[in-house]
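To keep things clear, I will list the structure first and then write my remarks on it.
Since every read-out is calculated from the coordinates, none of them should be taken as a lab result. Predicted, not measured: the structure shown is a model, and the values here were computed from it. Here the Cβ is made from the backbone with ideal geometry for all residues, glycine too, and neighbour counts use every protein chain on show.
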Amino acid sequence: MAIMITDECINCGACEPECPNTAIYEGGIEWTWAGGTNLKEVTLPDGTVVDANEKQEPVSDEFYYIVTDKCTECTGFHEEPQCAAVCPVDCCVDDPDHRESEEELLAKKIYMHGE
């Protein structure tokens, strides 16, 4: 599963530098697939291919957010999600709508970063 940031976020920013995938962004900030990864282009679920450096719409305008498709729960990097470990208000939590096995998370890590 991925991690999500709840609306209890106080916008402290402690989580953002901890993410090895650069999947965490400040509210209102556009994001890219390439940021923090080795990706050059990405094939979206609908088959569309996009340049990994192309700016994407923010997921939230109000508080920090995690791009679900870039979140690996730190699998392959750390023993636990680092955003949750440093969050002072415990608002980095499991996303019940995006459940993935450890194998799926590791495959996502390899896809974004290589072996």
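Observations, loosely collected:
- Per the listing 81, 88, the residue uniquely exposed (fewer than 14 other Cβ atoms within 10 Å of the Cβ), under 14 Å from residue 5 (Cβ atoms) and touching a residue at least 60 places away in the same chain (Cβ under 8 Å) is 88.
- Every residue from segment 34-71 that is free of Cβ contacts under 8 Å to residues at least 60 places away in the same chain, among the hydroxyl-bearing types (Ser, Thr, Tyr) and assigned to a loop (DSSP other than H, G, I, E, B): 48, 60, 64
- Complete set of residues in segment 1-33 that are over 25 Å from residue 79 (Cβ atoms) and not in a strand (DSSP E or B): 7, 10, 11, 26, 27, 28, 29, 30, 32, 33
- Some residue of segment 26-44 being in contact with a Leu (Cβ under 6 Å, 6 or more places away or on another chain) and within 16 Å of residue 113 (Cα to Cα): yes
- Scanning segment 45-73 for residues that are farther than 30 Å from residue 89 by Cα and over 16 Å from the mean Cα position of the chain (by Cα) yields 45, 46, 47, 48, 49, 50, 51, 54.
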